[in-house]
Amino acid sequence: MTRFTATPRRFVAGVTAALLLGLTAGCASEQAEAGDGATTASGAGEVTVYFTRHGQTWLNTVDRVQGWSDSPLTETGREQAELLGAGLAEAGVDIDAAYSADMLRHFETASIVLDAMGEDALVPTRDEGLREIAFGEWEGAKNQEMWSQIATILGYADYDALVADMANLDMREIFDTVAPQFQVEGVEYEGGTEAGERALDALTEIAEDQAEAGGGDVLVVSSGLTITMALIALGADPAELSGGIHNGSVSELSYSGGEWSIVSMNDGSYAGHDE
């Protein structure tokens, strides 16, 4: 299986300090005698992140753009989350911590997944760093309307021409180019690259916290484009993501020694489908 590695944009200073402490202390037994309880980088546990897109929402069913706009899960979306939780449990995944973007659709998905896994005592932590990119004036518009306008801005003949070339495009670069023209006054502009880095920063902070706690499995629920942009920031081939991230799919990430690895992307098998 193809793997990608990347050093996060923001390296946590405390890990570097702990590593230096380990070198000067000489051995693990001497560190234990010091009794300060510090966790060194070499002693921190490996973290596996199950980076998941939310289940189907009301706005998904009517093909509307949904960034900072929000809507609850449909019955299908709740079933997707239940199947995902059951699939993760069957695969032997034991969630130690859970996070979601701060919208209803993300938190609802994470909560249902945990309940289906028998982890209902865990409450997902909402993190705005995981939310979808803001689509500005496109919020609530028909998806094809938005992409038709994007096609024009990028110089394509029409929507179909853009879709035909999608495998050759980097989603971050698309929104770096077009987003400034459709931002709402008073809303801070964020391009595709910034959205990917913002999500990666949030993921790295989550992984560092879990590594310091000894490692383990973490559920993280976000949105399709944000997941796409974060994966590309980690080194994924944009062509492998040109079909979009599916509702309830999982991209498995590993974090160890300050580096990320992509184990799998857009895996629908946990929720009972192969899309």
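Radius of gyration (Cα atoms) of segment 90-141, expressed as a multiple of 2.2 N^0.38 Å: 1.38.
Centroid-to-centroid, using Cα positions, segment 82-146 and segment 152-181 are 27 Å apart. In whole percents, the pair-distance distribution calculated for segment 71-227 from its alpha-carbon pairs, binned every 10 Å from zero, is 10, 31, 30, 21, 6, 0. Taking 7 Å steps out from each Cα toward its Cβ at H273 and E259 produces label points 3.6 nm apart. Each residue, D201 and D165, gets one label point 7 Å from its Cα in the Cβ direction; the gap between the two is 3.2 nm. For E75 and D115, a Förster radius of 22 Å and the Cβ-Cβ distance give a FRET efficiency of 0.90, rounded to the nearest 0.05.
Counted over all Cα-Cα pairs of segment 138-275, pairs farther apart than 26 Å make up 30 percent. For segment 189-269, a Kirkwood hydrodynamic radius built from all Cα pairs, placed in the Stokes-Einstein relation at 4 °C and 1.567 mPa s, yields a translational diffusion coefficient of 98 µm²/s.
Distances between placed amide hydrogens fall under 5 Å for I95 paired with no residue 5 or more residues away or on another chain.
At an R0 of 45 angstrom, the distance between the Cβ atoms of E145 and E46 translates into a FRET efficiency of 0.55.
For segment 58-152, the alpha-carbon radius of gyration amounts to 1.24 times the rule-of-thumb value 2.2 N^0.38 Å expected for a compact globular protein.
Taken together, the values in this text are just the output of simple stated rules run on the coordinates, not laboratory data. Quantities reported herein were computed from a predicted structural model and do not represent experimental measurements. Using ideal geometry, Cβ is built from the backbone for each residue, glycine included, and neighbour counts are taken over all protein chains shown.
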